[in-house]
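The values are calculated or read from the model by the stated rules, or taken from the named source; none is laboratory data. As the structure is a prediction and not an experimental result, all values here were calculated from the model. Cβ coordinates were reconstructed from backbone atoms using ideal geometry, including for glycine residues, and neighbour counts include every protein chain displayed. The accessibility values were calculated without ligands, DNA or RNA, using every heavy atom of the protein model including side chains. Shrake-Rupley method; radii C 1.70, N 1.55, O 1.52, S 1.80 Å.
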Amino acid sequence: MNLKNKISPNDFFQIRRLKYQPPHLATIDLAYTYNMENAISKWIDSNLKKRYFLKKVIGVTHENKIESVLRAGFEDPKELSYFVLACPHLKYK
């Protein structure tokens, strides 16, 4: 059996992606562009293991403007670090 195809309990019960943002998550706000949420969600599902939050919210951008941003939150702060360093969708912002 290939370990890559192993299903975790969070995936089986469809509770890996959280519908709300608990206060204990390590978060980052990203500039929202078309189809960014789907692409990042697929990358997280295939490259990370623990639960996460990903949703379009109102937030403050780097230019101190209030706009729609894509907020990503992770239960494990190590996964946030890996996401920021390795996700190819963040390279060209």
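What aspartates and glutamates sit close enough to K50 to cross-link, taking a C-alpha to C-alpha distance under 13 Å and skipping anything fewer than 8 places away on the same chain?
Straight-line reach from K50, under 13 Å: D11, E75, D76, E79.
Divide, for the range 21-75, the radius of gyration over alpha carbons by 2.2 N^0.38 Å, where N is the residue count.
Cα Rg divided by the expected 2.2 N^0.38 Å: 1.13.
Pick from K50, K19, K65: which is most flexible by mean-square fluctuation in a GNM of the chain where alpha carbon atoms under 10 Å apart are linked?
K65
Pairs to check: K42/K91; K49/K91; K6/K91. Give those whose C-alpha atoms are more than 26 Å from each other in this structure.
Table pairs above 26 Å Cα-Cα are K6/K91.
First measure r as the distance between the Cβ atoms of A31 and K78, then evaluate 1/(1 + (r/R0)^6) with R0 = 25 Å and state the FRET efficiency to the nearest 0.05.
It comes to 0.60.
Lys/Arg Cβ at +1, Asp/Glu Cβ at -1, dipole of the chain taken about the Cα centre: which of I28, F74, W43 is farthest positive-ward?
Highest projection toward the positive end goes to W43.
Of E79, E67, E37, which has the largest mean-square fluctuation in a 10 Å C-alpha GNM of the chain?
E67
With a 10 Å cut-off between alpha carbons and a GNM built on the chain, which of A39, A72, A26 moves the most?
Between A39, A72, A26, it is A39 that shows the largest mean-square fluctuation.
Compute the length gained on full extension between K49 and E67: take 0.36 nm times their separation in residues and subtract their Cα-Cα distance, giving the result in nm to one decimal.
Here the segment from K49 to E67 would lengthen by 3.5 nm.
How much of the accessible area of the chain, in percent, comes from carbon and sulfur atoms when a 1.4 Å probe is used?
Carbon and sulfur: 56 percent of the exposed surface of the chain.
The chain: longest stretch without exposed chymotrypsin sites (Phe, Trp or Tyr not before Pro) (DSSP loop, at most 15 other Cβ within 10 Å), sites themselves excluded?
No qualifying site falls inside 35-91, the longest such stretch.
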